[in-house]
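The values are calculated or read from the model by the stated rules, or taken from the named source; none is laboratory data. Note that the structure is a prediction, hence the values are computed from the model and not measured. Positions of Cβ are generated from backbone atoms using ideal geometry, with glycine treated the same way; all protein chains shown enter the neighbour counts. Ligands, DNA and RNA are stripped out before the accessible areas are found, and what is left, the full protein with its side chains, is counted by its heavy atoms. Shrake-Rupley method; radii C 1.70, N 1.55, O 1.52, S 1.80 Å.
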Amino acid sequence: MGAIRDYFGNISSALTSTAKGMGVTLRHYRKEPPITIQYPFERFPVPDRYRGLHILEQEKCIDCKLCAKACPVDCIEIEAEHHGRILEWTQFSIDYKKCIFCEFCIPPCPVDCIHMTTEYELATEDPDGMVEDLLTWTGLRPQDQRALEEAAARKAGKVVPDAAASKPSAEGTSAEDMAAKIAAIKARMGKKD
Amino acid sequence: MEALIGLFGELFGLEGTLALSAAYAVCIGSILGFVTVYSMFAIWMERKVAAHIQVRMGPMVTGGWHGWAQSVADAVKLLFKEDIIPTRANAFMFWIAPAVVFCGVFAGLIVVPFAVGVQVVDLHLGVFFIIAIASIEVIGVIIAGWASNSKYSLFGAVREAAQVVSYEIPTATALLVPILVVGSFRLNDFNTWQAEHHWLIFHSPWLAMAALIFFISSLAGCKRAPFDLPEAESELVSGFHTEYSGMRFSFFFLEEYTSMFVAALLTATLWFGGFNLPFVDSSAWHPALAMPIGIVVLLAKTFFFIFVQMWLRWTLPRLRVDQVMSMGYKYLVPWAFVALIATAVWDYYGWGWLPL
């Protein structure tokens with residue numbers, strides 16, 4: 001008797017479980033809205049504290065290299081030449097092939113000049129392109145150049161005739177872009193200066 | 001068909017064999033075109049159904065509206081792919097296997113009545129022809145598995161042959177049940193009988209049971225989930241078409257979707273009234289009106305059953321090989337014979353849906 005009961009039990013359980021399962025899938029088919037989004041056209045909101053690509057406020061940076069020392073994978077390369085308090089930059093780059101986005105580089109900074117943004121699209125076809133240069137200008141800015149020349153001239157005992165000409169308006173456009181970019185990122189991250 | 005021969009005779013002055021050949025060429029060409037377009041649509045539909053069941057969206061970009069051109073893009077890609085024949089494979093057999101597989105299923109479509117007069121050949125043994133010619137597919141599968149000279153392909157082909165041949169018994173037995181009631185193998189007779197009486201699914205409980213058995217075993221015959229064990233893509237390496245790529249591979253795909261279409265078409269024609277509308281007597285309609293309506297009605301029913309096949313695929317998990325065999329031999333075969341004998345007795349006494 002057991003075998004016969006098993007046989008008909010199999011038939012009835014096959015039919016009922018199939019019907020039940022099809023009910024579930026039909027409900028999903030008809031009622032449930034899709035939980036996925038069309039990625040390149042729309043994106044999920046990224047949390048403010050998301051650890052994405054870095055950004056550097058270059059004019060604040062004092063070349064202390066604390067971030068590079070804090071980095072557990074040594075992906076930050078910093079090089080600058082000091083002219084007194086004016087820095088002549090040659091390199092501030094992060095190798096994203098190595099970076100693990102641990103955010104250890106952010107807290108040590110004494111002047112709060114390096115930040116992480118919410119940019120997360122790092123895919124590239126070119127591995128060499130993954131070394132990101134965070135500098136917006138290299139070498140000396142025009143006003144720094146002039147300041148250095150003035151200092152040198154003063155040292156030599158000469159009078160600088162037209163100091164008023166070296167106004168901040170002479171700054172390079174890239175630095176202005178940089179300031180706007182940083183302001184936008186700070187606004188997005190809800191940070192205060 | 002006869003109308004086409006007459007038309008060619010009138011328009012171009014063709015006579016005899018020439019007119020016959022031209023008419024056949026037009027019929028076969030149109031069915032081939034239909035099958036290709038249908039397969040692209042069915043693949044897109046399958047992806048959409050799967051996506052919606054899994055609370056996704058599926059293809060959305062290609063072609064604009066809900067990714068309708070995705071299958072077209074895939075087909076173009078497959079056409080341009082490199083044509084690889086493995087070095088140690090038997091090149092001729094490897095080349096001919098997809099054609100054999102596709103022809104077996106495709107030939108079944110020529111006896112199907114799509115509407116009044118829309119039929120290539122009105123065979124007296126139409127149902128028998130479809131079942132018989134669809135079995136050629138197994139030969140193609142074995143050729144493909146053997147010619148690939150790969151162990152995966154060979155085992156896949158053996159698995160598939162074992163399953164498809166096993167499930168031909170319940171399929172054919174379940175098909176005999178409506179044949180017993182109507183008393184004919186001709187597919188047109190099913191349409192006329194169901195137009196005069198009622199849909200065969202409502203004839204008696206045994207016919208409903210036969211419809212269920214036929215539907216389940218035709219799923220196994222099409223290698224559809226939950227019986228897609230022969231070519232389980234996620235667990236076994238695709239069965240007999242492991243070594244196939246590009247356009248040859250897409251022929252196996254075409255075959256799968258065409259056999260789904262044939263199975264759904266047979267279910268609709270034999271049990272669900274064919275191209276007849278329910279509660280409407282269309283026998284007196286003008287052919288120019290009855291023809292398009294018949295095609296639309298039959299295709300609507302067919303696509304409903306194709307949808308059920310897809311719905312089942314994304315509902316049920318895959319069966320194990322011993323479960324597939326025990327389902328076929330212990331459950332479907334005996335109950336198909338029960339339905340056959342019970343229908344003979346039932347109709348001998350002339351009982352209806354309930355024997356009152």
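Quick notes on this one:
- Evaluated against (1) closer than 30 Å to B:Leu78 by Cβ; (2) within 14 Å of chain A (Cβ to nearest Cβ); (3) open to solvent by 60 Å² or more (accessible area, probe 1.4 Å), B:Met247 falls short on exactly one condition, (2).
- Screening B:Val76, B:Val61, B:Val26, B:Val49 for residues that are farther than 20 Å from B:Ser259 by Cα, within 14 Å of another protein chain (Cβ to nearest Cβ) and of a type in the set (Val, Ile, Thr) leaves exactly one candidate, B:Val61.
- Qualifying residue in region B:338-348 (condition: of a type in the set (Phe, Trp, Tyr), closer than 15 Å to B:Ser204 by Cα, without any contact (Cβ under 8 Å) to a residue 60 or more places away in the chain and out of contact with any Leu (no Cβ under 7 Å at 6 or more places or on another chain)): yes
For (1) within 18 Å of the chain's Cα centre (by Cα); (2) at pLDDT 90 or above, each residue gets a yes or a no:
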site	(1), (2)
A:Val24	no, yes
A:Gln38	no, no
A:Glu57	yes, no
A:Val73	yes, yes
A:Thr90	no, no
A:Ile100	yes, yes
A:Phe104	yes, yes
A:Cys113	yes, no
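- Some residue of region B:39-46 being open to solvent by 50 Å² or more (accessible area, probe 1.4 Å), within 28 Å of the chain's Cα centre (by Cα) and within 14 Å of chain A (Cβ to nearest Cβ): no
For (1) open to solvent by 60 Å² or more (accessible area, probe 1.4 Å); (2) modelled with pLDDT of 80 or more; (3) within 28 Å of the chain's Cα centre (by Cα), each residue gets a yes or a no:
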site: A:Gly129; (1), (2), (3): no, no, yes
site: A:Ala163; (1), (2), (3): no, no, no
site: A:Gly172; (1), (2), (3): no, no, yes
site: A:Lys181; (1), (2), (3): yes, no, yes
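- Listing of strands (runs of 3 or more DSSP E) fully contained in region A:8-122 that carry 3 or more residues being touching a Leu at 6+ places or on another chain (Cβ under 6 Å) and more than 14 Å from chain B (Cβ to nearest Cβ): A:86-95
The rows are residues; the columns are (1) in contact with a Pro (Cβ under 9 Å, 6 or more places away or on another chain); (2) more than 24 Å from B:Thr87 (Cα to Cα); (3) surrounded by fewer than 24 Cβ atoms within 10 Å (Cβ to Cβ).
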{"position": "B:Ile143", "(1), (2), (3)": "no, no, yes"}
{"position": "B:Phe155", "(1), (2), (3)": "no, no, yes"}
{"position": "B:Thr173", "(1), (2), (3)": "no, yes, yes"}
{"position": "B:Val177", "(1), (2), (3)": "no, yes, no"}
{"position": "B:Leu180", "(1), (2), (3)": "no, yes, yes"}
{"position": "B:Phe190", "(1), (2), (3)": "yes, yes, no"}
{"position": "B:Ala208", "(1), (2), (3)": "no, yes, yes"}
{"position": "B:Leu219", "(1), (2), (3)": "yes, yes, yes"}
{"position": "B:Phe227", "(1), (2), (3)": "no, yes, no"}
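- Selection within region B:59-83 - closer than 30 Å to B:Lys151 by Cβ and in contact with a Gly (Cβ under 7 Å, 6 or more places away or on another chain): B:Leu78, B:Lys81, B:Glu82, B:Asp83
- Residue in region B:319-356 that is modelled with the highest pLDDT, counting only those that are outside any helix (DSSP H, G or I) and open to solvent by less than 70 Å² (accessible area, probe 1.4 Å): B:Leu319
- Filtered residue count, region B:239-277, keeping only those that are over 21 Å from B:Ala134 (Cα atoms) and touching a residue at least 60 places away in the same chain (Cβ under 8 Å): 10
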